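J.: What follows is a structure written as structure tokens; I'll ask about it next.
What follows is calculated from the coordinates using simple rules that are stated; it is not laboratory data. Owing to the predicted nature of the structure, the values given are computational and were not obtained by experimental measurement. Here the Cβ is made from the backbone with ideal geometry for all residues, glycine too, and neighbour counts use every protein chain on show.
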Amino acid sequence: MTRTQRLLAVIAAGALAAGTAALVGNGGTIVDLVLLSAALVATELFELRPIDRAPLSLSFAVVMVLVRAATPMQFVIIVVFGYLVAAGLRESPKRLGQRSLLYLERVAEAAVALGAYRLILESEDRHTTRLVLGALAGAAVAQIVASDVFTAIRERRVASWRARGADLALATSGILMAVGYEGIHGQGRFGLWGPLLFSIPLVAAWYSFELVASTRRGFRQTIGALGAAAELGGLVRSGHSERVADLASEMGIDLGMSTSELHDLETAALLHHFGALCLDDPVDGETFDPVEVAALSATMLRTSDALAPAGDIVAAEHSWHRPPGDDPSAGAGLAGQVLKVASAFDELTDGRDEHADWAVEALYTGPGYVYDGRVLAALERVLAAREVRATPL
Amino acid sequence: MANDRGRGPLLTALCVCLALAAAIGVVVLSATGPTPNLTALAVLGLLCVFAANTSVVLPNESALSASFMLAIASIVVFRDEAQLLGPLAIGMAAGIYLPHVTEREWRKLLFNIGSLGLSAVAAAAVYSIVPSNVVESVGGQLAAAIPAALTYSLVNFVCLVCALSLAEDRRVRDVADELWLGDLQIYPFALIGVLLGRLYVDLGAWVVPLFVAPVLIARQAFASYLALRSAQRGILETLIHALEAKDHYTAGHAERVARYARLIGVELGFKTRRLERLHQAALMHDVGKLVVPNHLLKKPGKLTPEEFDHVRRHEPVSLELIRRIDFLLPIAPTIEAEFADAADGEHAAPIEGRIIAVCDAYDAMTSTRAYRRALPQEVAFAELRDKAGGQFDAECVETLIRVLEDLGEQHGAGHEADVTEFDVPPPSAGIGSAGLGDLESDDREVPTP
């Protein structure tokens, strides 16, 4: 389907939904309802996609406007129709079952929003400004919580508080769009100008998140490919960098590292053998000196400001003797220890789970100053969570 | 700022005058007119300072929008009581950029306070002329905001042009041409400013946090995009360092290819993001060389057939690496075709790959390699034209040649930017390919530089 066809379909759907809705009540004007229905369909095709959170549909903000602009009957008709058309227009998920499920989720989320709004609004007779705002906030929260519940059932994870920026942007924009449309007691009533203009910051947020997502994907793929270069060149065992990056990230999360520290750790893990590509080939029968490889990798990463923290981690991985005064419990020191343990573990097991017990034993019996006890404990917890090893005592 | 000393006093005088004019305005208006609502002044003023100090500098270095929007909002908020003083104070608050204070850049501080204050008060004056019955309705208010917003940016533009022409010692006209209509994207913010101001008047100060939250989130996301983008540039730099460490004869090669590719892309009308992807792809086009042993890359002269076979083993690796990266996908088919020697003139591959192939070949010919010296530019052009339509895309070849001739750039023998010191001087013959050394005998006579 071309873009024009898609657009026409959105408009037609909006007209149809609103036309039907207008027959059953006298909430908003027919033109407004047509445009809002079309907006519901159109925004459902776009999602706010923050990095460490499941995507949020932009249509949530339009639902907030509809909650206030339409009568409950109109609302139900527009939501049921509008989301149905959107479900037909979307490109993913491909499978009919998943698509239908998503449709039902959306309708349920909208219903919850309407329920919360009505419940709060009708709890008192006088609709003060505070009550209206509270009802709208309740609708926004209810909608997001409902979508969280569905995500938790589907993916068995719930976003952390730190990753809730997009939720906040969506909720506040939705409230403002709804207030801007209808006003409160006739005050601050802008009609469609309200939702249109107050959606601009939300659209800006959406665009910024898109830029972040595509740049991050490109960055991750680039370092993944460079990490794999050493493997494809036969200098490192196949899959080593990716496995070490996964394991190190999980250990970092276990040790409570921040998002940016984890990001640097992942970069360091993927590229810790990168230097091997630039060394002259070892004389027959010999292998690369790991310290030299790490030093060169670190030097190369440190040439760029943005990657210097990752370079520090790679350098810390092979600082066999801690310099006096260096605190290995934080920053690059700790991350370096994590990388060192993850890399050693992967070299011992060669990616095979059945060697895990033996590898952990080997890591523990190594000299004390080489591996950090807390980091080894984190490794054990991660392995237990992966059900590779029994829970540590 | 070559002539900073000569024009410096004038610039200082301009900055002081602007700030002084704004300050006098505050004194006169507060002595003669009503005082503005202090809550509104505090809320909007603090927000303005906050916006000015948390702004993320956009790629085009504009960071005006938030304070501009708040200035317009203040014009609406204060229309009924202190219609000039309120906006003037808010505008001045937007000029308080704390790093200017801590780094003692007094001139910049005074300039911003003065020019933003005067821009806001001029806009407010225009808005106050509009009859009251027009600004009753939202439509009327939005319409009335347009001349006000234009006035704001006009005053701001005039101040900026004067200051820049003094600071950089350039003609006023040149600076004006450069800045003229540079900030069209800010006008939607004027309309949002009107609505924000009206909501504030109608419903109270609580609308402010509701409005600020998404703006801040958008900014924060944009900041993390900028950080990621510099990380992405960093990784490409690292890659280039690695390739140059392996083969110092190719110093600067990736950057030059990326630059030529960008020139062609601009000429073919590519948009910003596509240009950026093309640039990155061009920087990475040699990624597969990472797995070629150093001694083969650095070998002077021709490779033996066994060595050449060994080198060719990097080709599938290159493809494998390139296919892992989405933004390199457009160049994968071209590289595949190059490896398969399937230069049959059928161009199903995206144009990005063909652009890079032409630029790669051009730079390879016009720079010195381990196996031969740089060729003169005319020879390189002739070779590209000769293979145009076959190995190379004719449009890309002609575009590159045209752009380089328009720019008057000379590359090749006698014009090399990075002249490499060699252990074994390379021979001065052979057209060679863009690749890793040539096995084929050269049947073409090449003039020795």
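J.: So what's the projected area for region A:182-325, the Cα convex hull averaged over all directions, in nm²?
T.: 14.3 nm²
J.: Further, regarding this structure: Kindly write out, for region A:148-157 in residue order, the coupling ³J(HN,Hα) from the Karplus curve 6.51 cos²θ - 1.76 cosθ + 1.60 (θ = phi - 60°), rounded to whole Hz, with x marking Gly and Pro.
T.: 5, 4, 4, 5, 4, 5, 6, 10, 6, 8
J.: 7 Å from Cα along Cα→Cβ at both residue A:185 and residue A:387: what's the point-to-point distance in nm?
T.: 6.0 nm
J.: Can I ask one more? Based on the Cβ-Cβ distance of residue A:104 and residue B:10, what FRET efficiency does E = 1/(1 + (r/R0)^6) give at R0 = 51 Å, to the nearest 0.05?
T.: About 0.15, to the nearest 0.05.
J.: Now for a separate question. I want to check the label-to-label distance for residue A:90 and residue A:292. Put each point 7 Å from Cα in the C-beta direction and report it in nm to one decimal.
T.: 5.5 nm
J.: Can you tell me the FRET efficiency between residue B:172 and residue B:81 if r is taken as the Cβ-Cβ distance and R0 is 30 Å, rounded to the nearest 0.05?
T.: 0.20
J.: Remind me, relative contact order of region A:157-281 in percent, using alpha carbon pairs under 8 angstrom and six or more residues apart?
T.: 18 percent
J.: Between residue B:382 and residue B:136, what length in nm is gained on full extension when 0.36 nm per residue of separation is reduced by their alpha carbon distance?
T.: This chain segment gains 81.5 nm when fully extended.
J.: Now for a separate question. Could you list, in their original order, any pairs among A:340/B:298; B:271/B:302; B:299/B:387; B:271/B:299; B:302/B:387 whose Cα atoms are separated by more than 31 Å?
T.: The answer is A:340/B:298; B:271/B:302; B:271/B:299.
J.: Here's a follow-up. Once phi is turned into ³J(HN,Hα) by the Karplus curve 6.51 cos²θ - 1.76 cosθ + 1.60 with θ = phi - 60°, what whole-Hz value does each residue of region B:264-271 show in order, with x for glycine and proline?
T.: With the stated coefficients, region B:264-271 comes to 5, x, 4, 5, 8, x, 5, 7 Hz.
J.: Would you mind getting me the FRET efficiency between residue B:273 and residue B:179? Use the beta-carbon distance for r and R0 = 41 Å, nearest 0.05.
T.: After rounding to 0.05, the efficiency reads 0.95.
J.: Now a separate question. Hey, fewest Cβ within 10 Å first, where do A:149, B:161, A:179, A:314 land in order?
T.: Neighbour counts put them in this order, fewest first: A:149, B:161, A:179, A:314.
J.: In 20 Å bins starting at 0, how do the alpha-carbon pair distances of chain A split up by percent?
T.: Result returned by the calculation: 24, 39, 28, 9, 0.
J.: Next question. Across region A:222-236, in residue order, what do the Karplus-derived ³J(HN,Hα) couplings come to in whole Hz, using 6.51 cos²θ - 1.76 cosθ + 1.60 with θ = phi - 60° and x for Gly and Pro?
T.: Rounded to whole hertz, the list is 5, 5, x, 5, 5, x, 6, 4, 5, 6, 5, x, x, 8, 9.
J.: Over region B:192-280, what portion of Cα pair distances is larger than 19 Å, expressed as a whole percent?
T.: Summing the P(r) of region B:192-280 above 19 Å gives 64 percent of all pairs.
J.: Turning to a different aspect of this structure: Using a 7 Å offset from Cα along Cα-Cβ at residue A:119, what residues in region A:142-165 end up with backbone N under 19 Å from the label point?
T.: Counting backbone N atoms under 19 Å from the label point, the list is A:142-151.
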